[in-house]
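Taking it in order: structure first as structure tokens, then the write-up.
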Amino acid sequence: MDHNGLKNACIQSDSLFSSNIMKILLLKDPKSGDLSSDPYVQELSLHGYEATLIPVLSFTFVSLELLSDKLSHPENYEGLIFTSPRAVEAVRMCLENNKEAWEHSLKEQWNRKSIYVVGKATAALVKDLGLSSEGEASGNAEKLADLICSKQVPSSAPILFPCGSLKREVLPKKLKEKNVPLEAVTVYQTAPHPDIRPALTDYLTKEGIPGSVVFFSPSGVKFCLKIIQELSNDKINEIKFASIGPTTSEAMAADGLTVSCTAPNPTPQDLAEGLKRIHSQ
């Protein structure tokens, strides 16, 4: 996406809001191409916030032939783990070339196994594949690992884990400690969106300092924080920083940020409630 495209994509929830309406900057990737329909933008607008979404990550899918081969042999695995929508997207791309086999037998074979997910968005995408999953409400990889360890019986077959290049080691480490075999396959590479700096510059120049900046991932913190600090200068203390989930909060705190609120679950409603609480104090 070029700069103008990204700039045009930074959709505000309602252009009719007056200038004193609280502005919220969401540093996340959209659920779909239409950023104005993003559930976080829509939910915050219902609470009177003027939310703007700026994509912060770009993704490149890799090793899809390898993943496709593994998906064709469910008998080799105890189940599947999905901790991101992108991992589900990688599976969907593999299935495009193998639809007949998936519908005829593979889907049913995988459904006889355990399918674990984190978050509603990921769970919804897994459901679109025709798979039943559990763990949606776990909230983060660490809690999902606890769930998996509590349910998995000792087995020589591993759980297949399509993941990104920046995955944290919490889940693999915990499963290893409990002797739950895991086979991780990196299926996408994560990099900073090429237009982060111009998009943030454009936003802060036109809109000023937002009431809150919300980070959705440790990667977002890594790629955006220094730019925001540089552009905000001494006004950065006016911003209340929020996060989706404890993992992102830990990354923010490690970089010296005061985290004003952490949405306990990755949902628009939890974020809206958290922002209402900190901005009413």
Problem set entry | region 56-125, accessible surface, carbon-and-sulfur percent (1.4 angstrom probe) | 46
Exercise. Quick one: helix 141-151 against the long Cα principal axis of the chain, what's the angle to the nearest 10°, folded into 0 to 90?
Worked result: 30
Exercise. Can you tell me the accessible area per residue over region 165-281, all protein chains present, probe 1.4 angstrom, in square angstrom?
Worked result: 49
Seminar exercise, completed: Heavy-atom accessible area per residue of region 18-147, all protein chains kept, 1.4 Å probe, expressed in Å², is 46
Exercise. How large is ³J(HN,Hα) for each residue in region 58-66, as worked out from phi by the Karplus curve 6.51 cos²θ - 1.76 cosθ + 1.60 (θ = phi - 60°), to whole Hz, x for Gly and Pro?
Worked result: 10, 10, 10, 7, 9, 6, 5, 5, 5
For this session: Treat each spin label as a single point 7 Å out from the Cα along the C-beta direction, and report the Asn111 to Glu65 distance in nm.
Result: 3.1
Exercise. Which residues' amide hydrogens lie under 5 Å from the amide hydrogen of Asp29, considering only partners 5 or more residues apart or on another chain, with H built in the peptide plane?
Worked result: Val56
For this session: Subtract the Cα-Cα distance of Asn76 and Gln229 from 0.36 nm times their separation in residues, and report this length gain in nm to one decimal.
Result: 50.2 nm
For this session: Subtracting the Cα-Cα distance from 0.36 nm times the residue separation, let me have the gained length for Asn179 to Ser280 in nm, one decimal.
Result: 31.7 nm
Exercise. With axes computed from alpha carbons, what is the tilt in degrees of helix 85-95 against the longest principal axis of the chain, rounded to the nearest 10 within 0 to 90?
Worked result: 40
Problem set entry | Modelled FRET efficiency - R0 41 Å, Val170 with Glu100, Cβ distances, 0.05 increments | 0.65
Exercise. Nearest 20 debye, what's the magnitude of the dipole of the chain about its Cα centre given +1 on Lys and Arg Cβ and -1 on Asp and Glu Cβ?
Worked result: 500
Exercise. Using modelled amide H (1.01 Å from N, peptide plane; none on Pro or chain starts), what sits under 5 Å from the amide H of Gly139, excluding residues fewer than 5 places away?
Worked result: Gly119
Exercise. Can you pull the percent of region 156-281's accessible area that's carbon plus sulfur, 1.4 Å probe, other chains left in place?
Worked result: 48
For this session: Give me the number: length gained by fully extending Asn265 to Ile236, i.e. 0.36 nm times residue separation minus the C-alpha to C-alpha distance, one decimal in nm.
Result: 7.8 nm
Exercise. Here are some pairs, Lys174/Lys240; Lys127/Lys167; Lys31/Lys235; Lys28/Lys178; Lys174/Lys276; which of them have Cα atoms lying more than 27 Å apart in this structure?
Worked result: Lys174/Lys240; Lys31/Lys235; Lys28/Lys178; Lys174/Lys276
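The values are calculated or read from the model by the stated rules, or taken from the named source; none is laboratory data. Keep in mind it's a predicted model, so treat the numbers as computed, not measured. Neighbour counts are summed over all protein chains in view; Cβ atoms, including those assigned to glycine, are modelled from backbone coordinates with ideal geometry. Side chains included, ligands, DNA and RNA excluded: accessible areas come from the protein's heavy atoms. Shrake-Rupley method; radii C 1.70, N 1.55, O 1.52, S 1.80 Å.
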